[in-house]
1. Being modelled with pLDDT of 95 or more and under 15 Å from B:W123 (Cβ atoms) is the filter; apply it to the range B:29-61 and report the residue that is nearest to DNA strand D (Cβ to nearest atom).
2. Being more than 20 Å from B:A191 (Cα to Cα), aliphatic (A, V, I, L, M) and assigned to a helix (DSSP H, G or I) is the filter; apply it to the range A:127-174 and report the residue that is nearest to the other protein chains (Cβ to nearest Cβ).
3. Which condition from (1) in a helix (DSSP H, G or I); (2) more than 21 Å from A:A182 (Cβ to Cβ) is the one that A:S95 breaks?
4. When the range A:77-115 is examined, which residues are found to be among the small types (G, A, S) and touching a residue at least 60 places away in the same chain (Cβ under 8 Å)?
5. So, A:N40, is that one away from every other protein chain (no Cβ under 14 Å) and within 12 Å of DNA strand C (Cβ to nearest atom) or not?
6. Can you report the number of residues in the range B:46-80 which are within 17 Å of B:T19 (Cα to Cα), among the aliphatic types (A, V, I, L, M) and loosely packed, with under 15 Cβ neighbours inside 10 Å?
7. Name the residues in the range A:115-127 that are out of contact with any Leu (no Cβ under 8 Å at 6 or more places or on another chain) and loosely packed, with under 14 Cβ neighbours inside 10 Å, would you?
Protein chains: 2
Amino acid sequence: MANLLGVTTEPESGVRTRTRQAIVSAAIAEWARDFAAPLNAIAERADVSRSTLHRYFVDRQSLVDAALREAQEVLDNQSAAAVSGCGSAREELESLMRVLVDFGDILIFLFADPNRFAGNAEWIEAEDEMLPEIIRRAQAEGAVADDVEPSWVVGVYYSICYVAASAIAADELSRLRSADVAVRTFFHGVAASPTTRPDTH
Amino acid sequence: MANLLGVTTEPESGVRTRTRQAIVSAAIAEWARDFAAPLNAIAERADVSRSTLHRYFVDRQSLVDAALREAQEVLDNQSAAAVSGCGSAREELESLMRVLVDFGDILIFLFADPNRFAGNAEWIEAEDEMLPEIIRRAQAEGAVADDVEPSWVVGVYYSICYVAASAIAADELSRLRSADVAVRTFFHGVAASPTTRPDTH
DNA sequence: TCACATTGACACATCGGTGTCTCATTTTCA
DNA sequence: TGAAAATGAGACACCGATGTGTCAATGTGA
């Protein structure tokens with residue numbers, strides 16, 4: 001792990017990297033269900049002993065930080081990819097929502113409890129920066145009502161993603177159907193359409 | 001507390017009743033914020049010692065049960081009152097939503113975590129019975145789209161109430177504004193209205 | 001094959017929350 | 001005012017989760 005100069009390197013593969021990744025993934029999945037889950041449960045899910053877990057993460061907090069960083073990175077990358085190549089803010093909102101619904105575990109882990117990561121240095125408001133910006137553009141485009149507070153729109157946006165992810169996790173709706181109905185509900189609510197809406201382009 | 005026959009009575013007022021009520025209310029409020037909050041925090045919020053709390057509730061579970069029962073009872077009563085006297089399912093949904101938003105603490109306590117009370121004997125699906133029934137009628141009326149799964153509508157309904165209650169708790173929106181925008185969003189989403197909607201009766 | 005890295009299985013101390021108990025003090029009410 | 005009820009303060013044992021350490025077994029790569 002350290003060369004002759006004592007500089008630690010970061011190999012992309014290798015035993016340690018794989019083990020570490022397994023633990024972080026297990027933490028996200030387990031804590032998405034129940035943030036109070038003990039390290040025991042995470043070690044079990046990652047198929048390692050609690051000893052090994054403690055070798056990689058000295059204490060619970062450092063694993064929380066790592067999981068938070070990982071979850072944000074995955075979501076950031078996926079979000080950026082989803083948004084790129086869209087022709088309008090309306091399209092960006094839809095594309096982004098489909099990604100968020102698809103990564104439900106991470107979404108739930110990150111946003112289930114608003115003050116779960118309050119005061120955590122790792123916490124980045126990257127998405128909370130990007131989303132309001134898209135929404136403002138969508139309002140300028142006329143795709144989103146401009147007489148509604150952006151903070152409200154953000155809340156509803158995440159909330160609907162959350163419900164959709166939960167519906168998938170509970171096997172109530174398929175992934176595709178869940179994403180479709182989520183997008184529809186976000187823009188048009190649950191009211192019956194007075195006419196066939198042709199604006200789904 | 002017990003008459004000559006040894007039959008325990010349930011006084012509407014009295015020291016014990018007041019103390020008990022204070023503890024249960026504190027539990028709902030505290031656990032709405034964080035369900036892992038220790039009994040310590042509840043006792044403090046209720047302005048009693050932990051000794052007293054344990055005199056009223058032998059263990060944590062019995063306090064959880066009492067809080068759950070109380071929360072459901074309040075919400076049931078308020079919901080029934082809200083729904084009565086409505087002319088249509090559409091009105092019932094709106095009236096009920098305004099109540100739920102207004103009792104945000106209780107709503108959050110009850111529905112923040114889907115499996116918080118899983119397996120609890122006290123848990124009643126009273127609301128989960130009433131709401132789908134109203135929604136089915138709303139679909140029959142044409143006020144809610146009938147090509148959307150009722151389970152999805154229920155999820156979105158609670159979710160939007162939850163966001164509205166959170167917005168109030170975070171001082172982002174006023175109680176009135178929050179309820180208004182919640183109702184609007186539930187039925188029509190966040191898209192700009194193509195025409196002025198006259199269907200708010 | 002051999003040296004080293006990695007791991008699992010324990011043992012152990014620690015810590016915070018829980019539940020029980022006692023006793024002195026305060027409050028309530030007849 | 002006086003007895004009973006209610007409370008607060010604290011001591012105590014208990015338990016599960018956490019964090020540290022050791023040691024033997026297994027895996028890995030030169």
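The values are calculated or read from the model by the stated rules, or taken from the named source; none is laboratory data. Everything quoted here is computed from the prediction, not taken from an experiment. Positions of Cβ are generated from backbone atoms using ideal geometry, with glycine treated the same way; all protein chains shown enter the neighbour counts.
1. Once the filter is applied, the top-ranked residue is B:Q61.
2. Looking at residues that are more than 20 Å from B:A191 (Cα to Cα), aliphatic (A, V, I, L, M) and assigned to a helix (DSSP H, G or I), I get A:A167.
3. (2)
4. Selection gives A:G104, A:A112.
5. So A:N40 passes the test.
6. Counting residues in the range B:46-80 that are within 17 Å of B:T19 (Cα to Cα), among the aliphatic types (A, V, I, L, M) and loosely packed, with under 15 Cβ neighbours inside 10 Å gives 1.
7. Within the range A:115-127, A:N115, A:A118, A:G119, A:A121, A:E125 qualify.
Yes/no per residue for (1) within 14 Å of DNA strand C (Cβ to nearest atom); (2) away from chain A (no Cβ under 14 Å):
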| site | (1), (2) |
| --- | --- |
| B:A32 | no, no |
| B:E44 | yes, yes |
| B:F57 | yes, yes |
| B:Q78 | no, yes |
| B:L110 | no, yes |
